[in-house]
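First the structure, then my questions, so here it is.
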Amino acid sequence: MSSKEIKLIRERLRETMSNPIINLFYSKEEESRKGSKEWTNLTKIQLETLVIDIITDEINPNLGYLERGKVRGVTKRSFYRTLEQARLNLIRAMFTIMI
């Protein structure tokens, strides 16, 4: 992964995470806690991990979890574990809506 790709991914992540709608759910001081008033079942870290995964797929789908983890500054295993937790939380939310 080139430094240009990393820079682009981080820039797009910053743009996404500064969205006013996202800021309604996640305040600045609550870095890893659940969203404001429990309106979301994703932590801010899980949301960032999902966004990094989606952006990376758009820019270069051949990048592995090691490179994706480098964008967040964590290990491959930590990135994958957080991504799986986020996906599971989203699946649970969808099933809750269907029921």
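So, Val51, is that one closer than 22 Å to Met94 by Cβ, modelled with pLDDT of 90 or more and either buried (at least 17 other Cβ atoms within 10 Å of the Cβ) or not hydroxyl-bearing (Ser, Thr, Tyr) (or both) or not? Write out each step before concluding.
Values: closer than 22 Å to Met94 by Cβ: yes; modelled with pLDDT of 90 or more: yes; either buried (at least 17 other Cβ atoms within 10 Å of the Cβ) or not hydroxyl-bearing (Ser, Thr, Tyr) (or both): yes.
Yes.
Could you list, ordered by first residue, the pairs with Cβ atoms under 7 Å in which the first is in the stretch 69-96 and within 16 Å of Asp57 (Cβ to Cβ) and the second is at pLDDT 90 or above and loosely packed, with under 14 Cβ neighbours inside 10 Å, at least 6 apart or interchain?
Listed pairs, sorted by first residue: Gly69/Thr75.
Could you count how many residues in the stretch 65-99 are loosely packed, with under 12 Cβ neighbours inside 10 Å and either farther than 23 Å from Asn41 by Cβ or not β-branched (Val, Ile, Thr) (or both)?
Filtering the stretch 65-99 for residues loosely packed, with under 12 Cβ neighbours inside 10 Å gives 73, 77, 91-92, 94-99.
Next cut, either farther than 23 Å from Asn41 by Cβ or not β-branched (Val, Ile, Thr) (or both) only: 73, 77, 92, 94-95, 98.
Of the residues in the stretch 65-99, 6 are loosely packed, with under 12 Cβ neighbours inside 10 Å and either farther than 23 Å from Asn41 by Cβ or not β-branched (Val, Ile, Thr) (or both).
Moving on to the next point. Quick one: what pairs do we get from the stretch 9-23, first residue farther than 14 Å from Ile52 by Cα, second surrounded by 12 or more Cβ atoms within 10 Å (Cβ to Cβ) and of a type in the set (A, V, I, L, M), C-beta under 9 Å, 6+ apart or different chains?
Ile22/Leu47; Asn23/Met17
Which condition number does Leu83 fail, the rest of (1) modelled with pLDDT under 95; (2) touching an Asp or Glu at 6+ places or on another chain (Cβ under 8 Å) being met?
(1)
Right, another one. Right, Glu58: of a type in the set (Asp, Glu) and modelled with pLDDT of 85 or more or not? Step through it out loud before you land on a result.
Numbers: of a type in the set (Asp, Glu): yes; modelled with pLDDT of 85 or more: yes.
The answer is yes for Glu58.
Which one of the conditions (1) buried (at least 18 other Cβ atoms within 10 Å of the Cβ); (2) more than 22 Å from Thr96 (Cβ to Cβ); (3) at pLDDT below 90 does Leu42 fail to meet, given that it meets all the rest?
(2)
The values are calculated or read from the model by the stated rules, or taken from the named source; none is laboratory data. Because the structure is predicted, anything quoted here is derived from the model rather than measured. Cβ coordinates were reconstructed from backbone atoms using ideal geometry, including for glycine residues, and neighbour counts include every protein chain displayed.
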